[in-house]
Amino acid sequence: MQLRYGFRLYPNGPQGSALARAFGCARVVFNDALRAREEARAAGLAFVTLGELSKRLTAAKRTTKRVWLAEVSSVILQQSLRDLDAAYRNFFDGLVGKRPKTGPPRFKSKRDTRQAIRFTGNGRWKITHGGKLRLPKIGDVTVKWSRGLPADPTTVTVVKDSAGRYFASFVIETGPEEVLAPTTPEVGVDLGLGHFAVQSDGRKIDSPRFLRRAEKQLRKAQRSLSRKDKGSANRGKARLRVARAHARVADARREFHHQLSTQLIRENQAIAVEDLAVKGLARTRLAKSVHDAGWSQFVSMLEYKASRYGRTFVRIGRFEPTSQVCSDCGIKDGPKPLHIREWTCGACGTLLDRDINAAVNVAKAAGLAVSARGAQVRPGLVPAQCDEAGTHPEPPRSTERPTGIAPDKMGEDVNPRALRVAAQC
């Protein structure tokens, strides 16, 4: 499988100008190619192929209007054409149902806060012995290496985000040598807002609420931005402060997801989660909390890490009644409001924790070998019906308060209070 490793870049002044020039050239080539295809479609002509677009790009470099395209590496310009071709392919595949629907390609703007260029294997880029990233017609850019690369990268993408930071994203081909040793535990995970994740073994992980904790700083930065005049230099500085504040929140959330997903993958052989309707929940009054949790990003991390390390990942349907079924006896007693966090099963008398019960049911729906003991908080008090009290083969031995739980002839635990009430009836 292919993985991406991202590292922070620190270009100097001339290198930053060269990167800005490369971003602009790649954007112009993308827009020119998109315009050519749209004009051909409007005129009823044949679809302009990738080869024809490449020929037009080569011819455009010889004109006075586009001669400055030769100042950057030709690899990133050709890759920009391939990106457009991939965008069209995804759009057409969505129309015929081969993949989720996406909109048609759109023109890029120089005011977009995110810019990117890609160097392929034949782009003459490399990592120097001094640990710098050598990019053609840009120079040796300083890289902050947080860890080593497990293999030689095939491509590198240079990205400038909305906060003005530069990153290098390397694509690595990984093999089966990273499979972890088999382990025994299997766990179901119920994702929520009160607790970010509740496991079927009873463990609960609190929700960090990164956005909620940073709301005060974000509000202050956004208010300062709204007071600046449009087009002024101070407004640009204020916009950067807002973007950096949001970037810190996103980075903290991503780090939390990485740590928790790695821990679950290392500790468990199989993991089951529920396919949540995040888009639907994001339209409710809980939208801010739903986006702050970032369930989709976390589940995606679990899925690719399970595939990478040889674990089993199961995603059950979103219509599975995990909160309506007793994990102890399997009786379905209907939906419950969100404010009900515990309830007693009317059939078996087990006092159930809503989140742990749902996590156990998620694991059972996925076919994992888990027990329901995590969902049982304590035995409930269920008196027997009076008309059924005499149907027991043997009456209770004593009506006095016992010191412990007396087993019946089948070897199962019987509630002593239920026996006393049955005897009184």
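The values are calculated or read from the model by the stated rules, or taken from the named source; none is laboratory data. Values in this document were obtained by computation on a predicted structure and should not be read as measured data. Don't worry about glycine lacking a Cβ; one is built from the backbone with ideal geometry, like all the others, and counts go over all protein chains shown. The accessibility values were calculated without ligands, DNA or RNA, using every heavy atom of the protein model including side chains. Shrake-Rupley method; radii C 1.70, N 1.55, O 1.52, S 1.80 Å.
Okay, here's what the table says:
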{"quantity": "Pairwise Cα inverse-distance average, inverted: Kirkwood Rh of the chain (Å)", "calculated": "26.7"}
{"quantity": "Solvent-accessible area per residue for segment 167-304 (1.4 angstrom probe, square angstrom)", "calculated": "55"}
{"quantity": "Projected label distance in nm at residue 3 and residue 220, using a 7 Å step from Cα toward the beta-carbon", "calculated": "3.9"}
{"quantity": "Rg followed by Dmax, in Å, when segment 172-230 is reduced to its Cα trace", "calculated": "21.0, 61"}
{"quantity": "Charge tally in the Cβ shell below 12 Å around residue 104, where Lys, Arg are +1 and Asp, Glu are -1, residue 104 excluded", "calculated": "+4"}
{"quantity": "Sulfur and carbon atoms: percent of accessible area, the chain [1.4 Å]", "calculated": "51"}
{"quantity": "In sequence order, calculated HN-Hα J values of segment 303-320 (Karplus, 6.51, -1.76, 1.60; Hz; x Gly/Pro)", "calculated": "5, 6, 6, 5, 5, 6, 9, x, 9, 9, 10, 10, 10, 8, x, 6, 9, 5"}
{"quantity": "Per DSSP, loop chymotrypsin sites (Phe, Trp or Tyr not before Pro) in segment 1-86 with at most 10 further Cβ within 10 Å", "calculated": "47"}
{"quantity": "Most mobile of 357, 31, 234 in a GNM of the chain (Cα contacts under 10 Å)", "calculated": "234"}
{"quantity": "Relative contact order computed over the chain (Cα-Cα under 8 Å; 6+ residues apart), in percent", "calculated": "13"}
{"quantity": "Computed E for residue 151/residue 331 - FRET, C-beta separation, R0 41 angstrom, nearest 0.05", "calculated": "0.20"}
{"quantity": "Tensor-based shape of segment 20-173 (alpha-carbon gyration tensor, a/c under 1.5 rounded, otherwise prolate or oblate)", "calculated": "prolate"}
{"quantity": "Value of Rg/Rh across segment 211-264 [Cα atoms, Kirkwood radius]", "calculated": "1.18"}
{"quantity": "Net lengthening on full extension, residue 339/residue 61 (0.36 nm per residue, minus Cα-Cα)", "calculated": "93.5 nm"}
{"quantity": "Segment 16-66 versus segment 232-299: alpha-carbon centroid distance in Å", "calculated": "36"}
{"quantity": "Net length gained if the chain between residue 281 and residue 46 were fully extended (0.36 nm per residue, minus Cα distance)", "calculated": "80.3 nm"}
{"quantity": "Of every Cα-Cα pair in segment 91-237, the percent that sits beyond 25 Å", "calculated": "65"}
{"quantity": "Scattering profile of segment 256-313 at q = 0.14, 0.21, 0.25 Å⁻¹ [log10 I(q)/I(0), Debye over alpha-carbon scatterers]", "calculated": "-0.42, -0.78, -0.95"}
{"quantity": "Furthest towards positive pole of dipole, 309, 322, 350, structure part segment 302-353, Cβ charges", "calculated": "309"}
